[in-house]
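Encoded as structure tokens, the structure appears first; notes follow it.
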Amino acid sequence: MEPLNVYASRLITKKEYFTPGHRACQGCAEALAVRLVAKALGKNVVVASATGCMEIVSSPLPFTNWEVPWIHVAFENAAAVASGAEAGTKALIRKGKLTDKGTVFLGMGGDGATSDIGLQALSGAFERGHNFLYVCYDNEAYMNTGIQRSSATPFGAATTTSPAGKLTSGQITWKKNMPEIAVAHNIPYVATACSSYPFDLIKKVEKAARIQGPAYVHILSICPTGWRLPPDKAIWIGRLAVETGVFPLYEVEHGKYRLTLDVGELRPVKEYLKPQGRFRHLTDELVEDIQKRVREEYNKLKIKTTL
Amino acid sequence: MGERVGIEVSLAASEAIKMANVDVVAAYPITPQTHIVEHLSQLVADGELDAEFIPVESEHSAMSVCCGSSAVGARTFTCTSSQGLALMNEIVFIAASLRLPIVMLLANRSLSGPLSIWNDHSDVMSIRDCGWIQVFAENGQEVFDHVLFAFRVAEDAKVSLPVIVNIDGFVLTHMIEPLEFWDEDTVKKYLPDFKPVNQLHPDKPITMGAFGMPIIFTEAKKAQDEALIKSKTEILKAWKELGDLVGRYYQPVETNHLEGADTVFLTMGSIGETVSLAVNELRSRGKAVGQVKLRLWRPFPFEELREAVKGVKRIIVIDRAISFGGPGGPVASEIRAALYKERTMPAITNFICGLAGRDVTPDDYIKMYEKTEKMTKKKVREEDYIIYGVRE
């Protein structure tokens, strides 16, 4: 990592494919993730986006922040649209109507568009084996509509539809494990990433794009607005998510698990939860429950990496 | 001209799609559309059709895949029915506003519930305002011709809109009929290669499906409405050229026995042929009865309809769907609206019949005529609509 720290800015292309001037909130680490993914993929790409924050902030007619071909159709179908674009291009190349430029087909959506409403379309596209990449920008709730809970909202987080009340303490279910669902489809590449670790993220997206067949990258995308966090703390909290083991960085290539960043001894989960307003109602007891769960999940993952 | 063969209409439709050299077929199985997609997948499996056959996990994804593939410039086809159409409903509307020239065969079947696999028009009526060009076929030959017509019109740079060809489930899809195939030269002459107006390609990046703030939404919708209205010019041209090539001239509104008719039946789809038998019989009994058939449902052929029913005193509109708690059958309400401004507006009787494949015979239509005649004579103020043949 040392040389990267010195030459960091020189290692990433200056060219922006997701351009400045979009309407994302201050400190939006999802917009940063989109920007890094776009840089990693370059210009030879076709993007199919789900409805959501990233679609709304980047495409108010007649403006666009996309320097690459981009289509938005609806909320739950980005994977299906991307698979259609891939299939159409494949047919046109085979029939001599287009030249093969090795274009990458990217489907993208938030956690709601991916793990809730779009799960079926994504599963279908994985199963059919399209040569495409799907990136989930997971900010752990329906942020675009005003911070409602999704199946990716972590246990205990207060959202507008999983509020902390007299009887409940925020989200009462544990976060759906979307990367594992992707792995269960036996696709050649699955990875987790976070924009707090830009080089790791870019490397994984590049690899996912190179691999033949479906690939899935799940990016933890810190949302200061929804997580009740100062905008300048987004990158820092992303690092804590990884260092506490809440969101481990790993990849699964042809079924083989590998931690791409082994953080060694995990920091207490409390350090990650405390700064976030969405967890501020949690009792020490609940924090302990979360700590227990995080450790268990992390250990399970570590065992998989030794297989 | 091509050869004349006896073939199931679904298979004939698939053969027409093959002749159109379609690039992508995305479909999910639903009765009574299945024979079409089964045959298409066989054609692909046998290497007779060079296309990507995408066996999607739902109709919602079928239409979504179609949007993606049409957007990259591939000739794209799908096919569904009833619940399938209802499930893809959301994307059907978006496909039109994205101006993607997808072609869909809709094997018309009633919407649940109760669950039914049989034919009526409740499925297509639920998407009346989706922005697609919508035509109805009456027999197998028309289905074959209209598959090629649909691609031709949809992909016309001046149109660039998706097209639905309605074919009655079972009554058409599963019927074996003698029909004339086109030869390859004729297809080539009629249907040029697809040259998309807008295309998702890295060489020329564009943004499709941007979101519309209130300041621009109305203008976008106005433009879409104008595009659909204007598409009629190319529709007429495409029908004329089709006629010149294969000798079958289609019209937005077609007529039968209109000479001196004071009463006409108005129909859409395959029941047109049954009604024509009733009209022949009534004519032989000396009744001044004719028939008007709507082939083009969207854009609605106002002028042609007004011209066709000029001088007609009464129209018996046959509907195959109900607008619950509304003004009757959807076709009848459109006819009433279309003729409302006419100086001498014909009286309109609306029968709703043939729901979920219930047989309606020529005798039934004669009974409807007689009932109408009686009401006219008695000068009773009639009901807005009559659901015909309800067993009591």
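Each value in this text was obtained by applying a stated rule to the coordinates, not by laboratory testing. Here the structure is a predicted model, which is why all the values come from computation and not from measurement. A quick note on method: Cβ atoms are made from the backbone with ideal geometry, for glycine too, and the neighbour counts reach across all protein chains shown.
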Could you line up A:I71, A:I187, B:I167 from fewest to most neighbouring Cβ atoms inside 10 Å?
-> A:I187, A:I71, B:I167
Quick one: B:I348, B:I102, fewest Cβ neighbours within 10 Å first, how do they rank?
-> B:I348, B:I102
When we measure straight from the Cα of A:K302, which lysines land under 16 angstrom away, once same-chain ones fewer than 8 places off are left out?
-> A:K256, A:K292
Can you give the angle from 0 to 90° between the axis of helix A:2-11 and the longest principal axis of chain A, with both taken from C-alpha atoms, to the nearest 10?
-> 50
Given A:K233/A:K274; A:K95/A:K207; A:K15/B:K204, which pairs have Cα atoms separated by over 20 Å?
-> A:K95/A:K207
Farthest towards the positive end of the dipole of segment B:227-277, among B:L258, B:I229, B:T274 and with Cβ unit charges of +1 on Lys and Arg and -1 on Asp and Glu, lies the Cα of B:I229
Would you mind working out the magnitude of the charge dipole of segment B:1-118 relative to its Cα centre, with +1 at each Lys and Arg C-beta and -1 at each Asp and Glu C-beta, to the nearest 20 Debye?
-> 400
Identify which of A:T159, A:T283, A:T103 has the largest mean-square fluctuation in a Gaussian network model of chain A, with springs joining Cα atoms closer than 10 Å.
-> A:T283
Around B:S14, with a cut-off of 11 angstrom between Cβ atoms, what is the net charge of the other residues, counting Lys and Arg +1 and Asp and Glu -1?
-> -3
Specify the angular offset, from 0 to 90 degrees and rounded to the nearest 10, of the alpha carbon long axis of helix B:362-378 from the longest principal axis of the alpha carbons in chain B.
-> 50
Taking the Cα centre of segment B:79-173 as the origin and placing charges on Cβ (Lys, Arg +1; Asp, Glu -1), which of B:V143, B:V92, B:I164 is farthest toward the positive end of the dipole?
-> B:V92
Read phi for every residue in segment A:152-163 and hand back ³J(HN,Hα) as whole Hz from Karplus 6.51 cos²θ - 1.76 cosθ + 1.60, θ = phi - 60°, with x for Gly and Pro.
-> 9, 5, x, 3, x, 6, 7, 10, 6, 10, 9, x
Hey, what do the phi angles of segment A:273-283 turn into as Karplus ³J(HN,Hα) couplings, whole Hz, using 6.51/-1.76/1.60 and θ = phi - 60°, x for Gly and Pro?
-> 6, 3, x, 9, x, 5, 10, 5, 7, 5, 7
In debye to the nearest 20, how big a dipole does the protein assembly as shown give about its Cα centre with +1 on each Lys and Arg Cβ and -1 on each Asp and Glu Cβ?
-> 1840
Relative contact order for segment B:222-292: what is it in percent, counting Cα pairs under 8 Å that are at least 6 residues apart?
-> 31
Indicate the gyration tensor shape class of segment B:106-189 (rounded, prolate or oblate), computed on the Cα atoms with a ≥ b ≥ c the square roots of the eigenvalues: a/c under 1.5 is rounded; otherwise a/b larger than b/c is prolate and the rest oblate.
-> oblate
Karplus-derived 3J(HN,Hα) from phi for segment B:275-290 (6.51 cos²θ - 1.76 cosθ + 1.60, θ = phi - 60°), whole Hz, x at Gly and Pro, runs 4, 5, 5, 5, 5, 4, 5, 5, 4, 5, 8, x, 7, 7, 10, x
Estimate the FRET efficiency between A:T145 and B:I215 by the formula 1/(1 + (r/R0)^6), using the beta-carbon distance for r and 22 Å for R0, to the nearest 0.05.
-> 0.55
Quote the relative contact order of segment B:91-241 in percent (integer), defining contacts as alpha-carbon pairs under 8 Å separated by 6+ residues.
-> 28
Full-stretch length increase - B:E303, B:T376 - with 0.36 nm per residue and alpha-carbon distance subtracted = 23.6 nm
To the nearest 20 debye, segment A:78-118 has a Cα-centred charge dipole, built from +1 on Lys and Arg Cβ and -1 on Asp and Glu Cβ, of 440
Kindly identify segment A:46-92 as rounded, prolate or oblate by the Cα gyration tensor criterion: order the square roots of the eigenvalues as a ≥ b ≥ c, call it rounded if a/c is under 1.5, otherwise compare a/b with b/c, prolate if a/b is larger, else oblate.
-> oblate
Return B:M175, A:M178 ranked ascending by Cβ neighbour count within 10 Å, so the fewest neighbours appear first.
-> B:M175, A:M178
For the pair B:V390 and A:E265, how long in nm is the line joining their label points, each one 7 Å along Cα→Cβ?
-> 8.0
Mind giving me the nanometre distance, one decimal, between the label points for B:Q42 and B:V5, set 7 Å out from Cα along Cα→Cβ?
-> 1.1
